[in-house]
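Quick notes on the structure that follows.
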Amino acid sequence: MTKVNRPVQITLISWVLLSTILTAQSQLLPLDHQVNNKLGLSLYSIDHPTHTSIHPFELRDITSGKNIDSLIGGEGILHSPDESWINRKLFHEHLIDITGDDYRIYGDITADLHLGKDFQDNRNTFVNTRGFIFGGSVNDDFSFYTEFFENQSIFPRYLDSFIRKNSVVPGQGFERSYAANMFDYAYSSAVISYRPSQYISFQGGHGKNFIGDGYRSLLLSDASFNYPYAKITADIWKLKYMILWTEFQDISSLKYEDRFSWPKKSGVFHYLDVRLTDRFTLGFFEGIIWLPQDSIVNRGIEWNYLNPIIFLRPVEFSLGSPDNVVMGLNASYRISNSTVTYGQILIDELTINEYFANKGYWANKYGIQLGVKSFNVLDVPGLFIQNEINLASPYTYSHKDPLKNYGHYNQSLAHPLGANFYEGIGIVEYSKNRYECRLQLNYSIFGADSSSQNSVGQNIYQSYDHRTTDYGNYIGQGIKTNLLYADIKVAYVVNPLTNLRFEASCTYRSLTSTIESSKTFWVNIGVRSSFRNLYYDF
């Protein structure tokens, strides 16, 4: 795990010393959409409002008097006293679970073993993942979690093409070609959480973060690979404030043999979430990407960016800084205890006069999200429905210097499609006892680039200086591409604590444009475990 810079360490220690030691719960819930959807009635209750847009959640964010096991697995997780050890470990418990008066340590062996076939391309596929998870907590105010996965896979052609082009398995790290059509890759994460007070908590490690209430996030998502980070959150009255320091890597220009010299860039993110009423929450977001060292100057640490209190756009502007800054809003409104509507506005750059002139000025770079989700729909326990639309204008998230773009490991830090797109998403989930079914349908329209020399604003790893015109830039420009993605999964959950499940899935993907047409019909069956979001829906 990459070490946190010394000034960041000093800042964290200072905040700890200023905090009053009180009882708190620092345990982190998995960063997993399906887990969050199952907890929706607790998360979005009007009677007990909480902040829902900073992920992963801490246990205290959900409810008091509960533990993670009961939240993930349900109250029925407890086993009968006369049940055999094998049955308890297979169906109810962690493989290793050591509990004392003020501590707990647990561990599991994990696997993702799938066989599949892409019938459209007549390609056999498989996933062979072995790994482990290990975690624990002490006195409810300190927790840790680590996981590791070693993988070999053959993917359908559209994912194979993406991996070969970008040298990264989506969200899971650098690939190494292992054999014909086969990739070898490893994935690991480790996070420590400490809450010395009911008002403040500290997190650090190597993992992912997510800002928002939707399936996607236009502000900061978990679609890209893990990264080292340090995070402070403060929760006082109706306010929740987060500052996040990160380190990202750009692997677009160097070969695998040069991996130790991959360019690094830093990020600092502020987010202030305000509960204006029991129903309405509004969040203010700011993100800055900057290079500690470039070909012109070695800036070292930008000390102003270590300030954990203020929003930095005025500071960044006063420094005459060339850094990449994005700002945005996140809002949610609880229509009822079972239905919430949400949305985001992302502004990369915006000139008001040019925007209202409606001439397609290239530097009006923005994104918009609108969505609604309902839990226990029609009073059916376990039935969840979500509808969401997302869009981003051309050149959003890009920068004059591609190293300062809003990306990490050749993927966007926001939306997997980059920019210059419209997208609609529908999700239906149903769970009863240990049975689960999930249906997802995406439809997207985006404008693709015709070459690396002329950018239409979809690929955020191209400089916006490669644009062909200053005006007449609209969403979908370039090679107009239509993308349909449909996926259905059915599963039987063997052990809710590790998400060990037998699962079968069927995926249909159709991409059509003026220069290409491709289809995928991918069927999978197997067993998997662990909690994490993997996005192949692009």
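Rule-based calculations on the coordinates, nothing more; no lab input. Computed from a predicted structure; not experimentally measured. Glycine also receives a Cβ, built like all others from the backbone with ideal geometry; neighbour counts cover every protein chain displayed.
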- Item | Nonlocal amide H pairs with residue 382, under 5 Å, H built at 1.01 Å | 376
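What is the order of 403, 41, fewest Cβ neighbours within 10 Å to most? Walk me through the numbers before you get to the answer.
On the way: 403 20, 41 12.
Going from sparsest to densest Cβ surroundings: 41, 403.
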- Item | In nm, spacing of pseudo-spin labels at residue 192 and residue 535 (7 Å Cα→C-beta vector) | 3.0 nm
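Nothing charged except the Cβ atoms of Lys and Arg (+1) and of Asp and Glu (-1): what's the magnitude of the dipole of the stretch 405-538 about its Cα centre? Round to the nearest 20 debye. Please report the intermediate quantities before stating the final value.
On the way: 11 positive and 10 negative charges, 118 e Å.
Dipole about the Cα centre, nearest 20: 560 debye.
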- Message: Can you tell me how the stretch 124-263 classifies by the Cα gyration tensor, rounded, prolate or oblate, using a/c under 1.5 as the rounded cut?
- Response: prolate
- Taking the Cβ-Cβ separation of residue 237 and residue 304 as r and a Förster radius of 25 Å, what is the calculated FRET efficiency to the nearest 0.05? 0.35
- Message: Please state the shape class of the stretch 193-234: rounded when a/c is under 1.5, otherwise prolate if a/b exceeds b/c and oblate if not, all from the C-alpha gyration tensor.
- Response: oblate
- Note on the structure: Here, chymotrypsin sites (Phe, Trp or Tyr not before Pro) of the stretch 471-500 satisfying both criteria (DSSP loop; at most 15 other Cβ within 10 Å) are 471, 474
- Message: Give me the one-decimal nm value for the distance between modelled label points at residue 109 and residue 199, 7 Å along each residue's Cα-to-Cβ direction.
- Response: 4.8 nm
- Rounded to whole angstroms and listed largest first, the alpha-carbon spread of the stretch 6-528 along its three principal axes comes to 73, 61, 51
- Hz values of 3J(HN,Hα) by residue in the stretch 533-538 - Karplus curve (6.51, -1.76, 1.60), Gly and Pro given as x: 8, 10, 10, 10, 9, 8
- How far, in nm, would the chain grow between residue 139 and residue 502 when pulled straight, counting 0.36 nm per residue and subtracting the alpha carbon separation? 127.2 nm
- Message: Run the numbers for residue 488 and residue 264: contour at 0.36 nm per residue of separation, minus the present Cα-Cα distance, in nm.
- Response: 76.8 nm
- Task: Subtract the Cα-Cα distance of residue 463 and residue 437 from 0.36 nm times their separation in residues, and report this length gain in nm to one decimal.
- Result: 5.1 nm
- From phi via Karplus (6.51, -1.76, 1.60), per-residue ³J(HN,Hα) for the stretch 226-234 in Hz, x at Gly/Pro: 4, 8, x, 7, 10, 9, 10, 10, 10
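Among 470, 250, 273, what is the fewest-to-most ranking by other Cβ atoms within 10 Å?
Working: 470 12, 250 20, 273 23.
Sorted ascending by nearby Cβ count, the order is 470, 250, 273.
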- Given the C-alpha centroids of the stretch 440-487 and the stretch 152-198, what is the distance between them in whole angstrom? 25 Å
